[in-house]
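The values are calculated or read from the model by the stated rules, or taken from the named source; none is laboratory data. Every value quoted in this text rests on a predicted model; they were computed, and no experiment measured them. Reconstructed Cβ throughout: ideal geometry from the backbone, glycine too, with neighbour counts over all protein chains shown. The accessibility values were calculated without ligands, DNA or RNA, using every heavy atom of the protein model including side chains. Shrake-Rupley method; radii C 1.70, N 1.55, O 1.52, S 1.80 Å.
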Amino acid sequence: MNYIERVLEKLRTENPNEPEYHQAATEILNGLKPVCERHPEYEKAALLERFVEPERTVEFRVPWVDDRGAVHVNKGYRVQFNSAIGPYKGGLRFHPSVNRSVIKFLGLEQILKNSLTGLPIGGGKGGSNFDPKGKSDNEIMRFCQSFMTELYRHIGQDTDVPAGDIGVGGREIGFLFGQYKRLTGEHVGVLTGRGLSYGGSLARKEATGYGLVYMTEEAMRVRGDGFKGKTVLVSGAGNVAIYACEKAQSLGAKVVAMYDSNGYIYDKAGIKLDIVKQIKEVERGRISVYAERVKGAEYHEGCRGIWNIPCDVALPCATQNEIEAESAKTLVKNGVKYVGEGANMPTTLEGISVFQNAGAVFLPAKAANAGGVATSALEMAQSSGRLFWSFEEVDAKLKSIMINIFNNMSSAAKEYGVEKDLVAGANIAGFKKVAEAMTAQGIV
Ligand code: NDP
Ligand code: 2IT
């Protein structure tokens with residue numbers, strides 16, 4: 001067994017029943033093979049063993065009372081994975097599927113994603129198996145207050161800075177921030193994705209989706225191609241999906257389908273995004289309503305069917321493992337040319353191989369969706385400097401960060417002899433800086 005196989009074997013044995021964590025670690029470490037061959041000193045320093053082990057995992061009880069007076073208890077998590085290059089940074093996810101494995105896969109990915117941004121942020125992630133669906137604003141507030149009543153002692157503007165993820169948007173960040181401030185008395189940049197009236201940054205809301213499209217556009221540009229006239233599928237109908245759709249449309253693409261966890265809409269004439277925003281951002285309703293409001297649009301129960309729609313570009317922006325091998329094969333058969341991952345790990349390992357073997361351009365999540373956390377880091381900079389930048393300023397920085405990441409992962413892939421493999425390129429480019437910082441800081 002070589003070094004990487006031994007590390008993966010140890011990880012699987014010591015962390016049984018954590019399939020998402022195993023999947024992310026396998027993808028990352030396999031991509032690092034050429035780096036470890038070039039740097040035998042990493043094995044002597046057990047660098048990979050340290051890299052895949054969180055510095056700290058906090059697991060806690062979150063009790064709360066619903067509107068009828070019934071008491072509920074959820075699990076809360078914060079995994080502080082790696083602080084080699086900066087304070088822990090990463091979102092909070094509220095979704096019934098959240099468990100230790102999901103938070104650890106997200107945290108591990110986050111280390112390399114944050115490194116790729118070029119900004120000084122380490123990796124962390126957190127969340128709860130709380131299901132926000134169907135809850136009143138008051139229930140959401142009470143849950144967030146209870147969650148923060150434990151979390152506040154573990155975070156800080158210079159130690160660990162959470163943000164949003166699935167189920168955690170502007171409303172939740174507001175409630176979480178209010179409780180943090182009440183407990184500590186400090187109005188500081190301890191959370192990002194804050195509202196504009198209390199320390200947030202312009203363009204943070206749009207950043208992940210816009211960033212994804214900026215990177216995909218760059219991948220097209222170097223091939224003499226562009227979004228104009230392209231047919232695009234966007235999965236999800238949340239924060240990332242909506243702003244990916246908006247930017248792709250503004251570049252002349254036709255987005256024909258989106259979904260939420262119940263089913264997908266197909267609008268041959270092109271999605272009317274103002275209607276999606278009204279349903280999802282204002283009414284917090286189901287995407288099925290779109291087909292009731294838009295003539296000619298179809299609604300289909302179930303999500304997977306979306307990948308049967310022929311397209312040039314697929315932008316999975318909902319959740320992990322939404323594209324498995326079968327869906328990837330269908331997309332390839334129907335002529336997909338670009339796949340940009342807006343969600344974290346939306347493609348299975350087998351699905352990635354299908355795309356790469358077919359010669360589709362595959363932009364991996366840790367690079368393609370890094371625009372969100374990069375703009376969070378810009379929000380942190382504005383908080384520390386007591387500054388407020390214009391939308392144009394933040395958006396221009398975001399775009400240049402995404403193009404830099406694209407160039408860095410492409411050249412890392414080339415440098416290590418895996419030219420077409422941007423998955424390996426992203427892992428290598430992200431890991432180099434983390435490895436250097438960990439090495440410089442000794443065995444910690
Ligand atoms: P939101 O909660 O705003 O939206 C999530 C969307 O995905 C909803 O439409 C939701 O549908 C759908 N979805 C969630 N789980 C499932 C599921 N199991 N099956 C089908 N659909 C599902 O989250 P975001 O848009 O913020 O996050 C989407 C993805 O992007 C996640 O993978 C997240 O980790 C990643 N990401 C987010 C960033 C950010 O800045 N927000 C930054 C980088 C990555 P429903 O409403 O029915 O649950
Ligand atoms: O997955 C992610 O990068 C996020 N959910 C955003 C994290 C952040 O700190 O902005």
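Kindly indicate whether any position in the range 411-419 is within 13 Å of ligand 1 (Cβ to nearest atom), in contact (Cβ under 8 Å) with a residue 60 or more places away in the chain, assigned to a loop (DSSP other than H, G, I, E, B) and over 24 Å from Gly122 (Cα atoms). No, the range 411-419 contains no residue that is within 13 Å of ligand 1 (Cβ to nearest atom), in contact (Cβ under 8 Å) with a residue 60 or more places away in the chain, assigned to a loop (DSSP other than H, G, I, E, B) and over 24 Å from Gly122 (Cα atoms).
Listed by position, the strands (runs of 3 or more DSSP E) inside the range 1-104 whose residues that are acidic (Asp, Glu) number at least 1 are 56-65. Under the condition of being free of Cβ contacts under 8 Å to residues at least 12 places away in the same chain and within 12 Å of ligand 1 (Cβ to nearest atom), which residue from the range 284-340 is most open to solvent (accessible area, probe 1.4 Å)? Across the range 284-340, the extreme among qualifying residues is Arg284.
Only one entry of Gly263, Gly302, Gly252 meets the criterion of being out of contact with any helix residue (DSSP H, G or I) (no Cβ under 6 Å at 6 or more places or on another chain), away from ligand 2 (no atom under 16 Å from the Cβ), closer than 20 Å to Lys228 by Cα and small (Gly, Ala, Ser), and that entry is Gly252. On the stretch given as the range 124-134, residues that are on the phi < 0 side of the Ramachandran plot and either within 11 Å of ligand 2 (Cβ to nearest atom) or in contact (Cβ under 8 Å) with a residue 40 or more places away in the chain (or both) total 7.
Here the range 237-257 is the region considered, the condition is being near ligand 1 (Cβ under 9 Å from one of its atoms) and free of Cβ contacts under 8 Å to residues at least 40 places away in the same chain, and the residue that is surrounded by the most Cβ atoms within 10 Å (Cβ to Cβ) is Tyr243.
When the range 353-368 is filtered for residues that are open to solvent by less than 10 Å² (accessible area, probe 1.4 Å) and either more than 11 Å from Leu422 (Cα to Cα) or near ligand 2 (Cβ under 9 Å from one of its atoms) (or both), the ones remaining, listed by number, are Phe355, Ala365, Lys366.
Yes/no per residue for (1) β-branched (Val, Ile, Thr); (2) within 14 Å of ligand 2 (Cβ to nearest atom):
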site	(1), (2)
Leu106	no, yes
Ile111	yes, yes
Gly122	no, yes
Asn138	no, no
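Checked against the criteria, Ile275 does not count as within 14 Å of ligand 1 (Cβ to nearest atom) and either modelled with pLDDT of 95 or more or open to solvent by 10 Å² or more (accessible area, probe 1.4 Å) (or both). Taken over the range 203-234, the criterion of being in contact with a helix residue (DSSP H, G or I) (Cβ under 9 Å, 6 or more places away or on another chain), of a type in the set (Gly, Ala, Ser) and part of a loop (DSSP other than H, G, I, E, B) is satisfied by Ala203, Gly226.
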